[in-house]
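Q: Quick one: the structure is below, questions incoming.
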């Protein structure tokens, strides 16, 4: 998938010029891969969120939605006020799982990020590991910082939800 994104960014396939020029530079000899990395991470990790939502919907009784519809709520309002609050914990757990896997994604970032200024954390760790002398030590320290960032994210989410750490992933 990453090779497809790289091939797509070599030139604009629909005529001359770059329609995003000046806004986001994703096309050309030295594109900024941030938009492509977000798309690649999102597409590859979307099944985690979908599966979490499906698990939440399977546990939610359909009678609650039917009751809201019988009391005069429209389908959109019933989903917004009944279903989404009931499956919110599942959506947050799926989002955290997708974020944690995407943050330390290696394959897309190794291919899409070509300039050192655009490196995500995984490509920076990879390039630091190849330094002579202290490279493995600095790369190990960066890996520890990445794990700390993930831990802070999980703790922050548990505080935000007002639950204990393990309750986020309990269904």
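Q: Packing-wise, with mean Cβ within 10 Å as the measure, how do 142-149, 96-103 rank, highest first?
A: 96-103, 142-149
Q: Listing 39, 76 from the residue with the fewest other Cβ atoms within 10 Å to the one with the most, what is the order?
A: Numbers: 39 16, 76 8.
The most exposed by this proxy come first: 76, 39.
Every read-out reported here was derived from the displayed coordinates using simple, explicitly stated rules and does not represent laboratory data. On a predicted model such as this, the values are computed, not experimentally measured, just so you know. Note that we place each Cβ from the backbone using ideal geometry, even for glycine, and neighbour counts take in every protein chain shown.
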